[in-house]
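Written below as structure tokens is the structure these notes are about.
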Amino acid sequence: MIPTKTDLFPKIKETIENIRVQGIGEDRKMILQPLIDFIQNKVNQNQAIRINFICTHNSRRSHFSQVWAQTLAYYFKINTVFCYSGGTEATALFPMVAETLGNQGYAIQKLSETNNPVYAIKFAENEHPIIGFSKKMDHEFNPKSEFAAIMTCDSANEACPFVPGAEQRVPVTFEDPKAFDNTPQQAQKYLERSIQIATELYYVFSQIESKK
């Protein structure tokens, strides 16, 4: 069978279909609303939707966010979404992030063996992979203008009151699973954070209305 637009990898589709947004509190929905408004405004104007998820090291939360946002835009058939990630400094995509996404159904291939490896992360057979590696937010891989900067950690939010080129800056911060590195809870806590980010971004994209 030739894959169609809706053919996410089965385990990813199952994860998405099991998402329940009822647990998102009203305070959190208020935090997410500016991102919803940014996307809706772009949809209304038939414009490309560029979203750069920014964290200090571009190693954990910003990558989870980039991957899930691109996947959920695809799921909800919002075709003009382009997701990126960056940091206030570059380190490396933390291996447990790739492992967690792989366990959730993504096809992940490491393209380079360096201190900052590059990963191809696929959510559907016929779609271009997301390219994951750690980079500064102004890296040439990322957009220079006409994008929303989503601050996914408190330290980046505090360190970057202004993001050059961003049309809008939206703090949507998450707790860092790094706190559980090298503990028996590590895998579970990374999975919990990935599911939280997927759930909140599901809510965001579920609120978008197609242009009539």
Report whether or not S210 is under 29 Å from Q40 (Cβ atoms) and open to solvent by 40 Å² or more (accessible area, probe 1.4 Å).
yes
Name the single residue, out of those in region 109-126 being hydrophobic (A, V, I, L, M, F, W, C) and surrounded by fewer than 20 Cβ atoms within 10 Å (Cβ to Cβ), that is nearest to I197 (Cα to Cα).
A120
Of all residues in region 178-207, which are open to solvent by less than 70 Å² (accessible area, probe 1.4 Å), of a type outside the set (S, T, Y) and within 21 Å of I39 (Cα to Cα)?
Q196, I197, A198, E200, L201, V204, F205
Residues of region 147-165 satisfying the condition of being more than 15 Å from T56 (Cβ to Cβ) and either surrounded by fewer than 21 Cβ atoms within 10 Å (Cβ to Cβ) or out of contact with any Asp or Glu (no Cβ under 9 Å at 6 or more places or on another chain) (or both):
F162, P164, G165
Hey, E175 within 27 Å of I16 (Cα to Cα) and loosely packed, with under 15 Cβ neighbours inside 10 Å or not
yes
Conditions (1) free of Cβ contacts under 8 Å to residues at least 24 places away in the same chain; (2) farther than 29 Å from N41 by Cα; (3) more than 16 Å from the chain's Cα centre (by Cα): number failed by I108:
(3)
Applying the selection to region 69-84, what residues are within 21 Å of D138 (Cα to Cα) and of a type in the set (A, V, I, L, M, F, W, C)?
A69, V81, F82, C83
Search result, residues across region 128-141 that are buried (at least 18 other Cβ atoms within 10 Å of the Cβ) and not small (G, A, S):
I130, F133, K135, M137
Please specify each residue of region 79-105 satisfying the condition of being part of a loop (DSSP other than H, G, I, E, B) and either touching a strand residue (DSSP E or B) at 6+ places or on another chain (Cβ under 6 Å) or open to solvent by 60 Å² or more (accessible area, probe 1.4 Å) (or both).
N79, T80, E89, A90, L93
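The values are calculated or read from the model by the stated rules, or taken from the named source; none is laboratory data. This is a predicted model, so every value here is computed, not measured. Please note: Cβ atoms are built from the backbone with ideal geometry, for glycine as well, and neighbour counts cover all protein chains shown. For the accessible areas, the whole protein counts, side chains as well, though only heavy atoms, and no ligand, DNA or RNA atoms are used. Shrake-Rupley method; radii C 1.70, N 1.55, O 1.52, S 1.80 Å.
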